[in-house]
Every structure is written in structure tokens, then in C-alpha cells.
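> Let me give you the structure first, and then I'll get to my questions.
Where a number appears in this text, it was derived from the coordinates with a stated rule and is not lab data. Worth saying up front: this structure is predicted, and the values here are computed from it rather than measured. Here Cβ is always computed from backbone atoms with ideal geometry, including for glycine, and neighbour counts include all displayed protein chains.
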Amino acid sequence: MISGKTLRLGRILDPSKNRAVIIALDHEGYAGPMPGLIDPLKVLEVAVKGGADAVIVTPGTLSKGCKIIAGKLGVVLRIDGGQTSLHPNPAPRSVLTYTVNGAIRLGADAVIMMAYIGTKYETESLKALGYVASECEECGMPLIAETFPTGEFCGKERLAEFVKLSARVGSAMGADTIKTFYTGSVESFKEVVSGCLTPVVVAGGPRMKTEKDALEVARDAVEAGANGVAFGRNVWQSRNPLGMVKALVEIVHKDKAVNTALAHIKS
């Protein structure tokens, strides 16, 4: 029997290759109307037109943009937050702000939450992850855990080691997919993928210097065995967001070279 989780995940990860191009729009819950994300509905339209597989959205944007993406994109709903860029505490912290049942009522195909590794809030973060994983199992809802090291553990010298730990912990806690940092090399990221119990997608992070830099990260991550990317700022802050989505689709789903995919951005 095919479970509800399998059906929902199939709307995010293309079943033919188990890969996905996911466009993240959930930054608004932390930073408000960022450049490129002033109108999230326009970004949803770009994701659809560009051929993305899914989007990561907040409840408010999903409610307002459901007609744009209905039947066209998989929906990953952000269910945690509780801290903005104005918060005086520099240590990243996240609390549950929405429920799994609420996500189901909104029509989401998966939920996503943070799991901050290496901060003073690590214990409560992992406790929340375990609670949501249990709730998702009962409801047949896939859970994507955004797990990565923070603070001093982000240093380049041992980044791969800590990313590998974070990804494995997230999958061990019951997440169905892990979103995490790229470690800088194909060889080191292969260790992250092989050490994880679930599919892994790579976060784009802050906008990179050029679109080519972002596409090279996507290409190398897929070569290392990643199941795709979840890019936000590197898409909607690009000089050509639509071209960027199309380029990512070329790389993730068609295994095209970076220079070939760049043609979509230059056109």
C-alpha cells in the first residue's frame, strides 16, 4: 500500500529521479519584505513558469497564493519561527508557530522546521523536531528538517564534519528529508549524503557573487548525490529569477553542465 507520506513527497521530489528544485520564500517570516521578495505572489508565478517542483512558503503566502500554485507546485509549509531580524538575541532560536494539522488543512504536501545544532537552544530544538516528527508520522505528513551547524561550528576547517553530524541527527530524529549547507567540495558532501538516512537537498544561503557560483553549487551537490536544491535569495534576488529557475531545473533534472544552464539567465 502506498502511504500518504509517499504520495505527498512525490509532489515535491520527482519520483523518476527522486530530485527536486525547491524555491524558498519563507524568509519573509524573519526579514519581512526583502529585496526580490516584496511581492511573494510574483515569485510563485516565476516558480511555476520556470518549472520548479515545489516552494517553501509561510501560511499567509500559501493562503494568498494558492490559486497560482494549485496543481502546479508541491507545497512545503514553514511551521516554525518566532524570531525576526530585529530580535536582540543573536543566538538563532526557533519555536513552533503552526501545527501539522493546520498545514494539512491548508493543503500543504510537507512541513519544514529548523533544528539548530551547536547552540544553547539545541536541546529544545531537537525536542521540538522529535515531537513534530511523531505528529507527522501519525498524520502521514512528510517532514523536512533544516539541520546545520551554527555559530563557531560553521568554521570552514571542520564544516563538513559538523554538517554530516547535523544531517544524520535530523534524519535519525525522524525527518523524511534534510535541508542543509553544501560543504564546499563534492568529496566532502558525498560523506554528508552517505551518512544521512534520508534524501538531502542543499540550501542556497545568502546570495552568492554570481549566478554561475550558485549553479556550480547545485551542479556539485547533485554530483555528490544530493537530491536537489532549496534556493531562495539566489533565485529571487538574481538579475533573472525566471532564468535562474530554468537553469536549476536543467542542472538538477537534466544533468546539464553549468555553462549550458547559464544560457537561460543570459537569454
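> I'm trying to understand the selection: among the residues of region 2-37, which are hydrophobic (A, V, I, L, M, F, W, C), in contact (Cβ under 8 Å) with a residue 24 or more places away in the chain and surrounded by fewer than 19 Cβ atoms within 10 Å (Cβ to Cβ)?
Of everything in region 2-37, those that are hydrophobic (A, V, I, L, M, F, W, C), in contact (Cβ under 8 Å) with a residue 24 or more places away in the chain and surrounded by fewer than 19 Cβ atoms within 10 Å (Cβ to Cβ) turn out to be ALA31, MET34.
> Could you list all residues from region 111-153 that are surrounded by 22 or more Cβ atoms within 10 Å (Cβ to Cβ), within 10 Å of SER166 (Cβ to Cβ) and touching a residue at least 40 places away in the same chain (Cβ under 8 Å)?
Across region 111-153, the qualifying residues are ALA115, ILE117, GLU146, PHE148.
> Then there's this: Looking at LEU262, LEU165, LEU242, LEU197, which one is touching a Ser or Thr at 6+ places or on another chain (Cβ under 6 Å) and not basic (Lys, Arg)?
Result: LEU197 is the single residue among LEU262, LEU165, LEU242, LEU197 that is touching a Ser or Thr at 6+ places or on another chain (Cβ under 6 Å) and not basic (Lys, Arg).
> Would region 38-56 turn up any residue that is in a loop (DSSP other than H, G, I, E, B), more than 15 Å from the chain's Cα centre (by Cα) and loosely packed, with under 15 Cβ neighbours inside 10 Å?
yes
> To continue, here is another question. Would you confirm, using the coordinates I've provided, whether ALA221 is aliphatic (A, V, I, L, M) and closer than 19 Å to ILE112 by Cα?
Here the answer is no, as ALA221 does not meet what is asked.
> With respect to VAL193, determine if the residue is crowded, with 17+ Cβ neighbours inside 10 Å and within 29 Å of PRO241 (Cα to Cα).
Yes.
> Could I ask something else about it? Checking MET173 against (1) buried (at least 24 other Cβ atoms within 10 Å of the Cβ); (2) in contact with a helix residue (DSSP H, G or I) (Cβ under 8 Å, 6 or more places away or on another chain); (3) within 22 Å of CYS136 (Cβ to Cβ), which test does it fail?
That leaves (1) as the condition not met.
> Next question, about the same structure. Please determine whether any residue of region 16-34 is of a type in the set (D, E, K, R), part of a loop (DSSP other than H, G, I, E, B), in contact with a Ser or Thr (Cβ under 7 Å, 6 or more places away or on another chain) and on the phi < 0 side of the Ramachandran plot.
Checked against the condition, which is being of a type in the set (D, E, K, R), part of a loop (DSSP other than H, G, I, E, B), in contact with a Ser or Thr (Cβ under 7 Å, 6 or more places away or on another chain) and on the phi < 0 side of the Ramachandran plot, region 16-34 yields at least one hit.
> Failed condition for CYS66, given (1) in a helix (DSSP H, G or I); (2) under 26 Å from HIS87 (Cβ atoms); (3) of a type outside the set (S, T, N, Q); (4) over 17 Å from the mean Cα position of the chain (by Cα), with all others met?
If we test CYS66 against (1) in a helix (DSSP H, G or I); (2) under 26 Å from HIS87 (Cβ atoms); (3) of a type outside the set (S, T, N, Q); (4) over 17 Å from the mean Cα position of the chain (by Cα), just (2) comes out false.
> A follow-up question, please. Considering each of GLY50, GLY60, GLY74, GLY82 in turn, give the residue that is out of contact with any Pro (no Cβ under 6 Å at 6 or more places or on another chain) and at positive phi.
GLY82 is the lone residue from the list that is out of contact with any Pro (no Cβ under 6 Å at 6 or more places or on another chain) and at positive phi.
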